[in-house]
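For reference, the structure discussed in these notes is given below.
The values are calculated or read from the model by the stated rules, or taken from the named source; none is laboratory data. What you are looking at is a predicted structure, and each value in this text was computed from that prediction instead of being measured. Glycine also receives a Cβ, built like all others from the backbone with ideal geometry; neighbour counts cover every protein chain displayed.
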Amino acid sequence: MYKIFVDDKLICISNQRAYEAFCREFREVNAAGGLVMATAGTLTGASTGSQKEARYLFIQRNGLWDLPKGHQEPGEDIRATALREVSEETGIPLERLQIASEPGLICITDHCYKRDGIWHLKHTWWYAMELTAAAGNPMGASLDSPALTPQTEEGITTATWVSPQDIPALLTHAYSSIPEVFRKENTFHGE
């Protein structure tokens, strides 16, 4: 089943041929981003006992909650796109981000939008990512660290770490494809 998000609507296409025909009607663009997880220990430098309390990185873009993502550059590997875009949109140094070995790729979402009178179909590769401790700084960053710097020229006003119990409320005020990322991600169950 192929799901295509158009604003607050969902179009479902059941077979590959129909999906490919649908795609040909649009200017296709590729993008990638990440669902970045950090343990409390990575964020605060606390002992391993508190590292089980995870936080997820969210941004607020144009008044809606989102995950960091962006367009693929010509010749760029899609995984490199995901890491670069998360870094650019949040201010996290690239060397502090890594794609998780499990699950790695969470899903690919499709989103239609109109720009300059032309309909686009954006295919976004979503990767599970982890925040790593800073080199030479085993304490990591704090939750209130000014290191999270929203990329305002992209309409991003907030970059913040969110606890799992707060995510369901954010998803009610998120872009329509973002809940799909969480539905596909294996470790988050909206509890």
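Tally time: how many residues in the range 48-62 are at pLDDT below 55 and either crowded, with 20+ Cβ neighbours inside 10 Å or touching a Gly at 6+ places or on another chain (Cβ under 7 Å) (or both)?
So the answer is 3.
Any residue at all in the range 82-93 that's in a strand (DSSP E or B), crowded, with 18+ Cβ neighbours inside 10 Å and not small (G, A, S)?
No; the residues of the range 82-93 include none that is in a strand (DSSP E or B), crowded, with 18+ Cβ neighbours inside 10 Å and not small (G, A, S).
Return yes when L67 is in contact (Cβ under 8 Å) with a residue 12 or more places away in the chain, hydrophobic (A, V, I, L, M, F, W, C) and surrounded by fewer than 22 Cβ atoms within 10 Å (Cβ to Cβ) and no when it is not.
no
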